[in-house]
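Chemist: First the structure, then my questions, so here it is.
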């Protein structure tokens, strides 16, 4: 069964629709788009020229997928998201609601981007990363595998974060259930298996050594490492 039919004039004649895909009547699909088998695309979504949607992908309501995007198999995309041009989404990834992913991004397999996340241009998330609600990433920022960024954190541009990083939001028990998060500023390098504790900030152009636990604010242009992390030297 194919959902493409003469009644659906908003599906371009040169679009390729796979077997058993279900596409709501008012979905717009432009030319040179490829939709795999067993996909589902809900009302109000737009798939622009040259994009490829692989098998078993679910796309919810009112999503805009710009030109030349690639969404791999078994992804689940909720509602009201915008993927700008040339973005790649790895297989088995889950995208929440109201997410904006700017151009030239590469989101790895088994990642989770929760509601209201914003990803800047030319970022890379390796496998099994999670960005929780309202996280903001700047441009040209990269993550190794299995990183977790807690809700409301802000990560700057040109930041490199190696695998196993956790930015926590564990409540301060002296302050009830209130959760505090801050973030990481532009140009900083974070080694593998680093933890940034709640409410603390890492400044611009810093280096944090592998396996460090950051329990205080790190000023700009400094090298810190250890558990707890301590100042080592100025850059």
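Chemist: So is residue 25 touching a strand residue (DSSP E or B) at 6+ places or on another chain (Cβ under 9 Å), part of a loop (DSSP other than H, G, I, E, B) and more than 30 Å from residue 138 (Cβ to Cβ) or not?
Modeler: Values: touching a strand residue (DSSP E or B) at 6+ places or on another chain (Cβ under 9 Å): no; part of a loop (DSSP other than H, G, I, E, B): yes; more than 30 Å from residue 138 (Cβ to Cβ): yes.
Against the criterion (touching a strand residue (DSSP E or B) at 6+ places or on another chain (Cβ under 9 Å), part of a loop (DSSP other than H, G, I, E, B) and more than 30 Å from residue 138 (Cβ to Cβ)), residue 25 does not qualify.
Chemist: Ok, one more. Among the residues in the stretch 111-118, are any buried (at least 21 other Cβ atoms within 10 Å of the Cβ) and over 28 Å from residue 15 (Cβ atoms)?
Modeler: Within the stretch 111-118, one or more residues are buried (at least 21 other Cβ atoms within 10 Å of the Cβ) and over 28 Å from residue 15 (Cβ atoms).
Chemist: In this structure, is residue 192 at pLDDT 95 or above, in the same structural domain as residue 227 (by TED's automatic domain parsing) and surrounded by fewer than 23 Cβ atoms within 10 Å (Cβ to Cβ)?
Modeler: Yes; evaluated as a whole, the condition is true for this residue.
The values are calculated or read from the model by the stated rules, or taken from the named source; none is laboratory data. Remember, predicted model here, so these are calculated numbers, not experimental data. Note that we place each Cβ from the backbone using ideal geometry, even for glycine, and neighbour counts take in every protein chain shown.
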